Amino acid sequence: MKRIAVVVAILAVALGLLAAAHLYVATRLVLDPGLQGPARGALLWLIGVLGVAMVLQPAAERFYRSPALRFLSWIPLLWMGVLLLTVVMLGITDGLLWLLGAAPAEGAARIRALAVVGVVAAASAAGLRAALAIPAVRSVEVRIERWPQSLDGFRIVQLSDLHIGSILGREFAARLVEEVSRLSPDLVALTGDLVDGSVRQLGGEVEPLGKLAAPHGVYFVTGNHDYYSGAEPWLARIRELGIRPLRNQRVEIGDARGAFDLAGVDDHRGDWLRGSTEDLAGALAGRDPDRPVVLLAHDPTTFHRARAMQVDLQLSGHTHGGQIWPFVYLVRLAVPHVAGLLRRGRSQLYVSRGSGFWGPPIRLFAPSEITEIVIRRGPPSAARSA
């Protein structure tokens, strides 16, 4: 009950902030410029309707699945991104005016409103194009001193945060598979947040992922959104596709000439009703400490525990690289390392910006990626965020 109460409180705060954001936008873009007549009423009505649509869309999507609803979901989801950018731009201009000690007259307020609308429209268009593009391949070389010589150059292709759902679907999944196949990796790792929706709704949309193949296998670990979507049914569906989930488990990769452990843990933020089901100690128990280990963990904050347990390399996602500038700075409050390669002692962390997106179909200064991790034997070099 305590956890449910916390969720209700968070929802109440979120709804309050959402209402305040819409009121702020309506005030600065409609009321302050002194718009009159039909335009004033129409714009205020439009802002209000879009706000209500944002609130209703998640519930409607969960309970009513239809092609028409999927099409209509574009409107509130795109508005979510436009609203965020508009609030940021208005906040910046209000801050500048406050520093100057100025209050814009009606004419200046109108010019300010037009300028903000123009900048937000251009940024949203660029972000929409980036979000819907097939992710570029990002090749990253990671050096591990005790890596087996026989596996030097081992290639792991990482897909993370696909968020198959209202906008990204079967066609997107198929195109990702084509790109991965072209790379001919040794192993494929899916590091969580595969879907936003139930198996009943999206089971067919992920079917192309069953064509992912690699000599050493295709592996999956849960993300928080997979729990929100029903983790157990999805894990069953993933197994049907020939993908192996690692739930606080490890497997040996390689042969007598050289091997490493591939471990995977449940997302530690995922199951909010039961609490964290991550068991890193269980995943690594009984392993040969002289053998290198690669850990799949959706959330980068698992790294401080993995580092303490001498994990050589952790592959994560979750952050989307911030997805929409400038929200990367807010993300860093919860997850200090949001993208790229980080080294701490002998342990290294790579955080993918993700292959899809969550919520608004906008990526601004945070491009999506298909990550090709090339592991070589040798002393690690200094690494920091990308």
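Determine, yes or no, whether Pro245 is farther than 14 Å from Thr222 by Cβ and in the same structural domain as Arg146 (by TED's automatic domain parsing).
No: the conditions fail for Pro245.
Which ones in the range 221-267 are aliphatic (A, V, I, L, M) and over 24 Å from Val177 (Cβ atoms)?
Ala256, Ala259, Ala263, Val265 - these are the residues of the range 221-267 that are aliphatic (A, V, I, L, M) and over 24 Å from Val177 (Cβ atoms).
Taking the condition of being closer than 19 Å to Leu295 by Cα, among the aliphatic types (A, V, I, L, M) and without any contact (Cβ under 8 Å) to a residue 40 or more places away in the chain, how many residues in the range 202-234 meet it?
Residues in the range 202-234 being closer than 19 Å to Leu295 by Cα, among the aliphatic types (A, V, I, L, M) and without any contact (Cβ under 8 Å) to a residue 40 or more places away in the chain: 1 in total.
What number of residues within the range 252-299 are surrounded by 20 or more Cβ atoms within 10 Å (Cβ to Cβ), closer than 30 Å to Leu333 by Cβ and either over 20 Å from the mean Cα position of the chain (by Cα) or among the aromatic types (Phe, Trp, Tyr) (or both)?
Qualifying residue count for the region: 6.
Scanning the range 342-367 for residues that are of a type in the set (Phe, Trp, Tyr) and more than 12 Å from the chain's Cα centre (by Cα), which turns out nearest to Ile144 (Cα to Cα)?
Selected residue: Tyr350.
State the number of residues belonging to the range 329-346 that are assigned to a helix (DSSP H, G or I) and not small (Gly, Ala, Ser).
5
Taking the criterion of being aromatic (Phe, Trp, Tyr), buried (at least 17 other Cβ atoms within 10 Å of the Cβ) and more than 30 Å from Gly153 (Cα to Cα), would at least one residue in the range 230-251 satisfy it?
Yes - at least one qualifying residue is present in the range 230-251.
Working only within the range 98-137, note down all residues that are surrounded by fewer than 18 Cβ atoms within 10 Å (Cβ to Cβ), of a type outside the set (Val, Ile, Thr) and not in a helix (DSSP H, G or I).
Passing the criteria: Gly101, Ala102, Ala103, Pro104, Ala105, Ala133, Ala136.
Residues that are assigned by TED's automatic domain parsing to the domain that holds Phe172, buried (at least 18 other Cβ atoms within 10 Å of the Cβ), more than 19 Å from the chain's Cα centre (by Cα) and farther than 20 Å from Met80 by Cβ: does the range 328-341 have at least one?
No: zero hits.
Residue-wise test of (1) at pLDDT below 95; (2) charged (D, E, K, R); (3) touching a strand residue (DSSP E or B) at 6+ places or on another chain (Cβ under 7 Å); (4) closer than 21 Å to Glu372 by Cα.
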residue	(1), (2), (3), (4)
Val157	no, no, yes, yes
Leu162	no, no, no, yes
Ile167	yes, no, no, no
Glu179	no, yes, yes, yes
Arg182	no, yes, no, yes
Gly197	yes, no, no, no
Gln201	yes, no, no, no
Gly217	no, no, yes, yes
Tyr228	yes, no, no, no
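Tell me which residues, restricted to the range 189-209, are part of a helix (DSSP H, G or I) and farther than 20 Å from Leu262 by Cβ.
Val199, Arg200, Gln201, Leu202, Glu207, Pro208
The values are calculated or read from the model by the stated rules, or taken from the named source; none is laboratory data. Keep in mind it's a predicted model, so treat the numbers as computed, not measured. Cβ atoms come from the backbone with ideal geometry, glycine included; neighbour counts cover every protein chain shown.
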